[in-house]
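The values are calculated or read from the model by the stated rules, or taken from the named source; none is laboratory data. A quick note: this is a predicted structure, and the numbers were derived from the prediction, not measured. In this analysis, Cβ positions are derived from the backbone assuming ideal geometry, glycine residues included, and neighbour counts consider all displayed protein chains. What goes into the accessible areas is simple: the full protein's heavy atoms, side chains included, and nothing from ligands, DNA or RNA. Shrake-Rupley method; radii C 1.70, N 1.55, O 1.52, S 1.80 Å.
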Amino acid sequence: DVADIGVTGMAVMGSNLARNFARNGFKVAIHNRSVGKTETVMDNYASEGEFYPSESMADFVASLQKPRVAIIMVKAGKPTDAVIDELASLMEEGDIIVDAGNALFGDTRRREAALREKGLHFVGSGVSGGEEGALNGPSIMPGGTKESYDRLGPMFEKISAHVDGVPCCTHVGADGAGHFVKMVHNGIEYADMQVISEAYDMMSKALGMGASEIGDVFAEWNKGDLESFLIEITAEVLHHTDQTSGKPFVDVILDRAAQKGTGAWTVQTALDLGVPVTGIAEATFARSTSGSTPQREAARGVLKGEAQTLEIADKAQFIDDLQKALYAAKLVSYSQGFDEIAAGAKEYGWDIDLGAMARIWRGGCIIRARFLNRITEAYERDANLPLLLADAYFTEEIAKCIPAWRRIVAFAAASGYPVPVFSSTLSYYDAVRAERLPAALVQAQRDYFGAHTYQRVDTEGTFHVEWTQDRRETKQD
Ligand code: NDP
């Protein structure tokens, strides 16, 4: 019983996480269902630190210092449940089981409640940054009890990415809060990736630019407000030449985007909570549209564009407009994502520090970006900010982008280019700031066919009109 921490599941994520702990001086117990993977880790990396390999789960648990901390990094779903059950049967009151895989937060809540009954702590932890992050410093989003964080937190903070000396890890909130925040992180990632792709598409189609030239633009943008991991790798991808064909790499990739489900979870959860995450939703649907092969084949060459070819007088101005539109659309997507986290916190009783979420996303994770500092600052100014966009800094920033953003969306609509995230985020922006929305008419329609009632602008109360009789208005109790 000497190991500080244990990791079970020695596939790529688990082994990298274990190596990260070992490299940071922790004694790490390791285990995998099939022994071969554990042996591979020992054969290749034993010299990186102190590893304690076990063939059986019982030996693995026995090798851990009390209160024990065991991290599960196996296939999400049933395999995770199976490993939790096995671990739980071997552990004792006060021990901590961590699921660092990509679980749905509802599953984490269920598992946490079941293990709490047995006196065990269950921590659902988001881990972002892929293989590379797991090895060199991920962004870590642990949920669960404060007590479990006291034991676990210092180790996680040590192995996480650091920005300006600050770890990209903090206690998110109780039970499923960590996995909830990781889910929204991934949703925001979908929106970021799609809107970057829309900017690329416009440069390619409207300006006829080649991949490498577009890569130069992204590399330039990466020096300013848009500086981020995703913009950086976009530039790199666009500069890459396919080794087989000698063509730009992006041009030989089939245009069908796959998804593993976290974007869809974010949208489904947002629908349940009634939070409009239009940027994330459109980005998720854009992947679905790209993969709708029969529909695309039926439409191609059949559905008419009737597009208007608009002339671009100033290429540099157009590219500058795209940059501003990208920044504005990104701000809206993040604002919507933070709304979803706030709504989730309210629904499930989590005390989530929204500014801290932006802080732990500054390094290690896929959406790491310079402007996340600004989000943290906004929540430091007002922890109960009802809308991120309404923070004084962002209000000013987005105002500078609006004319460009409108020009881009109008240009795309006239030209027949799809820009679901550019346009849906602009519509949201105009809706949320509107003095009056056509929702009044929707309420009237609902009252007409379903007696769903409505409220008036000029007096308190709930009303209904007897539409099919004398159209008298009655006040409801
Ligand atoms: P996989 O998701 O490919 O899972 C393989 C591992 O699961 C192996 O160790 C395998 O053991 C084990 N396993 C599968 N079924 C069972 C079972 N019934 N009982 C016990 N063990 C089982 O591994 P990854 O490393 O790619 O991912 C691990 C987790 O991390 C997943 O939840 C995934 O969603 C998440 N992930 C997160 C990423 C991130 O950026 N945060 C990126 C990639 C993954 P065996 O060798 O015996 O088959």
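Pairs meeting the criteria (first residue in region 316-329 and farther than 16 Å from D216 by Cα, second residue among the acidic types (D, E), beta carbons under 7 Å, at least 6 apart or on different chains) are Y327/D225. Figure legend. Inter-residue proximity from region 1-14: first residues in a strand (DSSP E or B), second residues away from the ligand (no atom under 16 Å from the Cβ), beta-carbon distance below 6 Å, spacing 6+ or different chains. Indicated pairs: A3/K27; A3/Y52; A3/S63; A3/L64; I5/F26; I5/V69; I5/M155; G6/L64.
Could you tell me which numbered condition M42 fails, if it satisfies all but one of (1) of a type in the set (A, V, I, L, M, F, W, C); (2) in contact with a helix residue (DSSP H, G or I) (Cβ under 7 Å, 6 or more places away or on another chain); (3) more than 14 Å from the ligand (Cβ to nearest atom)? (2) is the only condition that M42 fails.
Considering only region 389-410, I want to know if a residue exists there that is open to solvent by less than 40 Å² (accessible area, probe 1.4 Å), over 20 Å from A283 (Cα atoms) and in contact with a Cys (Cβ under 7 Å, 6 or more places away or on another chain). Scanning region 389-410 turns up no residue that is open to solvent by less than 40 Å² (accessible area, probe 1.4 Å), over 20 Å from A283 (Cα atoms) and in contact with a Cys (Cβ under 7 Å, 6 or more places away or on another chain).
Taking first residues from region 80-104 that are more than 23 Å from W265 (Cα to Cα) and open to solvent by 20 Å² or more (accessible area, probe 1.4 Å) and partners that are in a helix (DSSP H, G or I) and within 14 Å of the ligand (Cβ to nearest atom), the Cβ contacts under 7 Å between residues at least 6 apart in sequence or on separate chains come to E86/M57; L90/M57. Checked against the criterion of being closer than 21 Å to L90 by Cα, of a type in the set (V, I, T), away from the ligand (no atom under 16 Å from the Cβ) and at pLDDT 95 or above, the candidates T145, T108 yield just one match: T145.
Assess whether G9 counts as being open to solvent by less than 10 Å² (accessible area, probe 1.4 Å) and at positive phi.
Values: open to solvent by less than 10 Å² (accessible area, probe 1.4 Å): yes; at positive phi: yes.
Judged against the criteria, G9 is a match.
The single condition from (1) touching a residue at least 12 places away in the same chain (Cβ under 8 Å); (2) open to solvent by 20 Å² or more (accessible area, probe 1.4 Å); (3) within 15 Å of L326 (Cβ to Cβ) that W221 fails is (2).
Would you check which residues across region 47-61 are touching a strand residue (DSSP E or B) at 6+ places or on another chain (Cβ under 9 Å) and not hydroxyl-bearing (S, T, Y) and list them?
In the first step, residues of region 47-61 are kept if they are touching a strand residue (DSSP E or B) at 6+ places or on another chain (Cβ under 9 Å); the result is 49-57, 59-61.
The answer is G49, E50, F51, P53, E55, M57, D59, F60, V61.
Cβ-Cβ under 7 Å, sequence separation 6+ or interchain: first residue in region 150-171 and under 17 Å from I97 (Cα atoms), partner at pLDDT 95 or above and small (G, A, S). Which pairs? Partner pairs satisfying both residue conditions: H171/G153.
The residues of region 16-46 that are of a type in the set (D, E, K, R), open to solvent by 40 Å² or more (accessible area, probe 1.4 Å) and within 21 Å of E132 (Cβ to Cβ), listed by number, are R23, K37. Just to be sure, is K75 within 13 Å of the ligand (Cβ to nearest atom) and open to solvent by 60 Å² or more (accessible area, probe 1.4 Å)? Yes, satisfied. Counting the residues of region 112-135 that are more than 10 Å from the ligand (Cβ to nearest atom), under 27 Å from I366 (Cα atoms) and surrounded by fewer than 22 Cβ atoms within 10 Å (Cβ to Cβ) gives 1.
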